1. Roughly how many nanometres apart are two label points built 7 Å out from the Cα toward the Cβ at A361 and A485?
2. What list of ³J(HN,Hα) couplings, whole Hz, do you get for region 380-387 from phi and the Karplus terms 6.51, -1.76, 1.60, once you set θ to phi - 60° and write x for glycine and proline?
3. Give the peptides 55-61, 298-304, 388-394 in descending order of average Cβ contacts within 10 Å, highest first.
4. Residue by residue through region 197-204, which ³J(HN,Hα) values in whole Hz follow from phi under the Karplus form 6.51 cos²θ - 1.76 cosθ + 1.60 (θ = phi - 60°), with glycine and proline marked x?
5. Can you list the HN-Hα couplings for region 172-186, worked out from phi with the Karplus curve (6.51, -1.76, 1.60; θ = phi - 60°), rounded to whole Hz and with x for Gly and Pro?
6. Provide, as a two-decimal number, the C-alpha radius of gyration of region 412-454 over 2.2 N^0.38 Å, N being how many residues it has.
7. Which pairs in the list K198/K463; K110/K253; K433/K463; K253/K281; K98/K157; K110/K463 are over 23 Å apart, alpha-carbon to alpha-carbon?
8. Would you mind calculating the gained length between A411 and S474 on full extension (0.36 nm times residue separation, minus the Cα-Cα distance), in nm to one decimal?
Amino acid sequence: MDDGTQLDTIYPQSRAEQEPAVVVEDTGRIDAKGLWSLGAQHALSTWGDRTAEFAFYLYLIELFQTTLLPASLYGFFTTGVAIIFAGTIGTLVDHVPKLRFVRLCIAVQKLSATVTYVCFFLIFHTRLREEAAVGEDASAPVWTLFTAITLSGCLLKLSTIGISVAVERDWATCIAEGHDGRLTRLNTILRRIDLVSKLLAPLFVSLLTTTTSYPFSVAFLGGFGLVSMILEILWTATVYNRLSALARDQAQKDERHRLHISVASSTETSRPEHSLRARMKRASQAIRSFMRTQASDWREFTISPVFPSSLAISLLYLTVLSFDGTLISYLKTHNFQDAFIAGMRGICVATGLFGTFIMPAMEKRLGLTTYSSTDVGMFIRGELISLIPVLLSFFIGASHAGMRGPAWNQALLFGGMAVSRIWLWAFDLCQLKELQTTLADHPRRNSITSLQFALQNVADLLKYILTIILSRPSQFRYAAVVSVASVFAGALSYTAFVKRTRGHVVHLEWMEHLLGKYKPT
């Protein structure tokens, strides 16, 4: 069977020459209590993730004031772990019972965050804080705690990916039960919750650090995470029990697993050996099987019709022009205060929320199958155009380290970033739905879906490599150039996706309509 036949079998609605997909009419309603419980759990999960995302880099920058290296190393290793194990996380989502897996990820997420907060507290509350201030020449105990922070951050990253794949991809697809409007509604609700957390969490962390102290903020956030862990575990049970589609899908997975075990048992010809050599042989076979599975998943992902779309969204992660630890570190070297940084980040998130209203409105008017291939390209092109003034702000009127630029320069930087968030999050929602609908009936949809996370983290890792190489604040402008170039590459990749799915880049029916309207008489 060639690749084209495989694609027609696994992705039956992916070809342009296929008949248009029939959208299932959503005649039912999602159980209100189950939906509210899902929203509450997701709110606490994203709140903990977004507070940690902002606070950890803020703490590293506050402790290591003379170098950006610790923040870059933390991002490098946590992102590298995500690249290596994202596929494994997706495989676990496919095989481990839904409720058990999500609860396990919640526990790992909160406990690893707590360990990280404890390490930060030990540095802030002792004389190690003064030792960390010297930067790369800090003492061994400081770097030991930093190592513990990084290892805990790796676990936090993996557990967060697990929750995202399980809840935002797998659970949402199951709950939608093939209803197009219901899937859009679920995606939009979950994304807006995430963006609201992204908006408010940095403001809250900044409020804690400015009105109290860094040690108090560390202790408070760590304690809050432990309390929220209990609530999240309870709410996930409510979601699973109230939304029966999850249990039905789990029953189907269990039945497939039993059939697989039955077939495997029928082919077993002898009892397994228990010698050391036999155990080593089985371990070697398991490793080879894992590598083959990963290679097969990656191959299937790269030849799937949605891959250029996934590559496009992933290339947007190779950027220093978003409010993560890299940009925060740069702004801190230019004497921007925590409250101002949190406020500007809040504005960018607010404009991103506006983008989540644009996407459903366009879908309601045009339909996903109409606009996802061409009009969505407008979103990524809009982001590219809005980043041009941001890039110019690093070359025109830019200030030296320790000083802020003029007001008009700041307006170019923060204004352009705010506008770009509108297009970014509208594109993100559309691309997410493209991925979900393409893989909805795939037997290993979560394994394949998780590879997009790995691809995104590859781009993220390249960003950290870039900032490690260009670690001086005066070199940040060149990292900004690479970021805009990556967005341009993403736009080209999405154009390739359009060409693959529709056979053309522009709406031919629109051109025919215009030519017919202005046809000479």
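The values are calculated or read from the model by the stated rules, or taken from the named source; none is laboratory data. The shown structure was predicted, so the numbers you read here are calculated from the model rather than taken from an experiment. Neighbour counts are summed over all protein chains in view; Cβ atoms, including those assigned to glycine, are modelled from backbone coordinates with ideal geometry. Quick note on the areas: whole protein, heavy atoms, side chains included, nothing else; ligands and nucleic acids left out. Shrake-Rupley method; radii C 1.70, N 1.55, O 1.52, S 1.80 Å.
1. 3.6
2. Result, ordered by residue: 6, 5, x, 5, 4, 5, 6, 7 Hz.
3. By packing density, highest mean first, the sequence is 55-61, 388-394, 298-304.
4. Result, ordered by residue: 5, 5, 6, 8, 4, x, 5, 5 Hz.
5. 4, 5, 5, 5, 5, 6, x, 7, 4, x, 5, 5, 4, 4, 5
6. Cα-based Rg divided by the globular estimate yields 1.59.
7. K110/K253; K433/K463; K253/K281; K110/K463
8. Computed gain between A411 and S474 is 20.7 nm.
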